[in-house]
1. Looking at the range 157-165, is at least one residue among the hydrophobic types (A, V, I, L, M, F, W, C), closer than 30 Å to GLY126 by Cα and under 21 Å from the mean Cα position of the chain (by Cα)?
2. Name the single residue, out of those in the range 104-128 being among the hydrophobic types (A, V, I, L, M, F, W, C) and assigned to a strand (DSSP E or B), that is farthest from the ligand (Cβ to nearest atom).
3. Take the conditions within 16 Å of PHE209 (Cα to Cα), open to solvent by 10 Å² or more (accessible area, probe 1.4 Å) and within 15 Å of the ligand (Cβ to nearest atom) and apply them to VAL150. Does it pass?
4. With the structure loaded, tell me whether PHE100 is open to solvent by less than 70 Å² (accessible area, probe 1.4 Å), within 19 Å of HIS249 (Cα to Cα) and not polar (S, T, N, Q) or whether it fails that test.
5. So is SER23 part of a helix (DSSP H, G or I), within 24 Å of ALA98 (Cα to Cα) and modelled with pLDDT under 85 or not?
6. For the range 114-122, state whether one or more residues are at pLDDT 95 or above, in contact with a Gly (Cβ under 6 Å, 6 or more places away or on another chain) and open to solvent by 50 Å² or more (accessible area, probe 1.4 Å).
7. In the range 131-138, is there at least one residue being of a type in the set (A, V, I, L, M, F, W, C) and open to solvent by less than 20 Å² (accessible area, probe 1.4 Å)?
Amino acid sequence: MGSHKQRQSWNAADYARNARFVSDLGAGVFDLLDIQAGERVLDLGCGDGALTEKLVEHGAVVVGVDASENQISAARARGLDARVMDGEGLDFDQEFDAVFSNAALHWMTDPNAVVQGVAAALKPNGRFVGEFGGHTNVAACLVALVAALVRRGYNGLDAIPWYFPTPDEYGQVLESNGFSVEEIALIPRPTPLPTGIEGWLMTFGESFFSVLPESGRDDMKREVIDLLRPSLCDSEGRWTADYVRLRFHATLD
Ligand code: BEZ
């Protein structure tokens, strides 16, 4: 999950409350992995291990890695083999049949470093299957957050912690690191937010708010929520985020 260590921190309890939908919505990419019993799988950006646990239930032998110590503690509490490791500095050598990643790669802003480490971690002909935020993901949220910082005299673009590539762009990263792309596509997926936009902003927007002194953050939060309401909130007060996923399946040549 969090590879963006300086600006984004993860509290496992807050994450479970505001973002459990992230692992709940991981079924599509889970099916694409088509796990076989006994396979060795690396779960890259495993977070609190909700999906890692499902891989184990399907008979895989799984190692989960995440840059967040807090999330790894939560994953270990489930009895998982989970290790603190930065996705941009993976340290495995031809150990896995598959590398799996859900909702994590957009936090890793050096995709070549990530994919190079994934290639090294896989056995020959191993597969890399994942889903993360793609081009135009959370566009409304991103514009509102950047604009609110610009209005306060900050460079809002510098605060963006995410990498949301097009299929072409990410396909090239995969191919230049020795993969053949079997499948890659953007999937628009409007996503209801169970704890509203405020919970989402607090859990995922930290890098924008941390630019400001504490005293200015509530005001910016109110402004961002007001900006987003017309496009993301319905007449019943229910919030839906404008998620667009990039889902892919690639095989090491
Ligand atoms: C996502 O899962 O697409 C996402 C998560 C946090 C911030 C932005 C996007």
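1. Checked the range 157-165: at least one residue is among the hydrophobic types (A, V, I, L, M, F, W, C), closer than 30 Å to GLY126 by Cα and under 21 Å from the mean Cα position of the chain (by Cα).
2. LEU122
3. For VAL150, the condition - within 16 Å of PHE209 (Cα to Cα), open to solvent by 10 Å² or more (accessible area, probe 1.4 Å) and within 15 Å of the ligand (Cβ to nearest atom) - is not met.
4. It is true that PHE100 is open to solvent by less than 70 Å² (accessible area, probe 1.4 Å), within 19 Å of HIS249 (Cα to Cα) and not polar (S, T, N, Q).
5. yes
6. no
7. Checked against the condition, which is being of a type in the set (A, V, I, L, M, F, W, C) and open to solvent by less than 20 Å² (accessible area, probe 1.4 Å), the range 131-138 yields at least one hit.
The values are calculated or read from the model by the stated rules, or taken from the named source; none is laboratory data. What you see is a predicted model; the values in this text were computed from it and never measured. All Cβ positions, even for glycine, are placed from backbone atoms using ideal geometry, and neighbour counts span all protein chains on display. Heavy atoms of the whole protein, side chains included, go into the accessibility calculation; ligands, DNA and RNA do not. Shrake-Rupley method; radii C 1.70, N 1.55, O 1.52, S 1.80 Å.
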